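Data block below; observations after.
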Amino acid sequence: MMTKTRWIFLFATFVISCGSLIMLIVATTTTQWVNGRAVSTSGGGSTTTASLDAHYGLFGGSQDLHILNVISHYDLTMTCSFGDNICGLSCQRTPEARLDEITKILNGVTPSECPISSARSNNGGLLGDTRQQDVPSNEQFINAGLWLSSVVFLCITIFFALLCTVQSLTNILSNPIWSIFSVYGLYIWNGLAIAFAILTLILWGTLFATSIQYNIAVRHTLTVNSILKSEGLASLGFSYWILFGPILLHSINIGLLLWRKWLIEREPPPVAINVNRNDFTILLY
């Protein structure tokens, strides 16, 4: 019955773990890990002839290409070539076409035009500049290893948050025999959820600092004859910053469990009644 003691604390950890799980799902499914812009200038001056606004998450996003007063909307999908250790945001619609686009860009070949999601378009004006530049290096793309590690660690964080939710409820309704599934196991799962959330923040932060802030890695900033530049115009979006929420919530969970343990230890032990074996008054009971 020890796990039933101070059960309100376990119920609080259940509710908080649910909140953490919701935050993690929001972070995974939304497309605001990166917000970026790219601009071009004519003749080295300050007049902007074209610009691009993009936002994306771990798996996809969208962009709006502005050429004069015409706006073209594109859907983006994270596409990786693990053999080359690169990822980029492709605007093609099939997996084969997306991989082909990323590979061509890496090799300095201008890929096929993107399908436009919106009705209005002005294709060709932006990419008509035929000035030859250096073939994009791997550093201009998103590092595939860091991207995959970020996704894996975020999934592990979700797993431990789910485990905290289920195990908190289990300990309210029953008394698990194995220590790893008891209240003591909650310390481990909450701690691991915090650790992997922090690792996810570090990995994506490193990815942003080493490559994304210099090139947001969309097709229109990677192609060899593009005049759009995004260096210094990217920022981390709310989908990234929301990960601090689960870290705080699971820290609160550990604090509540420690508080519960402290309260239980302060409770006076039950009074022991010693009855002499020769005392026949026990028969009255």
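The values are calculated or read from the model by the stated rules, or taken from the named source; none is laboratory data. Everything numeric in this text was worked out from a predicted model, so none of it was measured. With ideal geometry, Cβ positions are generated from the backbone for all residues, glycine too; neighbour counts draw on all protein chains shown.
Scanning the range 82-98 for residues that are surrounded by 16 or more Cβ atoms within 10 Å (Cβ to Cβ) and not in a loop (DSSP other than H, G, I, E, B) yields a count of 7. Scoring residue 214 on the criteria (1) in contact with an Asp or Glu (Cβ under 6 Å, 6 or more places away or on another chain); (2) more than 18 Å from residue 34 (Cβ to Cβ) leaves a single failure, condition (2). A search for C-beta distances below 9 Å between a residue of the range 170-181 that is free of Cβ contacts under 8 Å to residues at least 24 places away in the same chain and any residue that is exposed (fewer than 11 other Cβ atoms within 10 Å of the Cβ), counting only pairs 6+ apart in sequence or on different chains, returns nothing. Residue check: is residue 43 surrounded by fewer than 18 Cβ atoms within 10 Å (Cβ to Cβ), under 29 Å from the mean Cα position of the chain (by Cα) and modelled with pLDDT under 95? It is false that residue 43 is surrounded by fewer than 18 Cβ atoms within 10 Å (Cβ to Cβ), under 29 Å from the mean Cα position of the chain (by Cα) and modelled with pLDDT under 95.
Scan the range 3-23 and tell me whether some residue there is assigned to a loop (DSSP other than H, G, I, E, B), modelled with pLDDT under 95 and more than 20 Å from the chain's Cα centre (by Cα). Within the range 3-23 (the criterion being assigned to a loop (DSSP other than H, G, I, E, B), modelled with pLDDT under 95 and more than 20 Å from the chain's Cα centre (by Cα)), the answer is yes, since at least one residue qualifies.
Filtering the range 164-223 to residues that are hydroxyl-bearing (Ser, Thr, Tyr), surrounded by fewer than 17 Cβ atoms within 10 Å (Cβ to Cβ) and assigned to a helix (DSSP H, G or I) leaves 179, 184, 187, 206, 210.
Assessment of the range 238-248 against the conditions (under 30 Å from residue 100 (Cβ atoms) and touching a helix residue (DSSP H, G or I) at 6+ places or on another chain (Cβ under 7 Å)) yields at least one matching residue.
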